[in-house]
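Any read-out appearing in this document is the output of simple, stated calculations on the displayed coordinates, not a laboratory observation. Please read all numbers here as calculations on a predicted model, not as lab measurements. Positions of Cβ are backbone-derived with ideal geometry, glycine not excepted, and every protein chain shown enters the neighbour counts.
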């Protein structure tokens, strides 16, 4: 994984960690975020684009959860945006 992409992935992983550490976020949401984090963190160069797409779908599903605290929903939208930017950069 090239250095710039790795730094962006690490940044998004930190954002995900902060949500997973927030006890006001329901457990099922934290679990889905953890799954998305694992997908992007353990990706090889060849699988990164696929795993980014899978992580985006997971995060979009989570963002629609009615039990989501509003501040967390905003953070999730930020994460989705970052993941999409990484995916576009990786494609190019």
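Computed quantities for the displayed model
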{"quantity": "Structure-derived Rg and Dmax of the Cα atoms in Å - corresponding label in (1) 20.8, 66; (2) 12.5, 38; (3) 12.6, 36", "calculated": "(2)"}
{"quantity": "Fewest-first sequence of 91, 39 by Cβ atoms within 10 Å of each Cβ", "calculated": "91, 39"}
{"quantity": "Tilt relative to the chain, helix 27-41 - C-alpha long axis, 0 to 90 degrees, to 10", "calculated": "10"}
{"quantity": "In degrees, nearest ten, helix 70-91 long axis to first principal axis of the chain (Cα)", "calculated": "10"}
{"quantity": "Exposure proxy order (Cβ contacts within 10 Å, fewest to most) of 18, 43, 63", "calculated": "18, 63, 43"}
{"quantity": "The chain, helix-only ellipticity at 222 nm - DSSP H runs n ≥ 4, -39,500 (n - 2.57), divided by all residues, nearest 500", "calculated": "-26000 deg cm²/dmol"}
{"quantity": "Neighbour-count ranking [beta-carbon atoms within 10 angstrom, fewest first] of 81, 44", "calculated": "44, 81"}
{"quantity": "Between 0 and 90°, nearest 10: helix 3-20 axis offset from the chain longest Cα axis", "calculated": "10"}
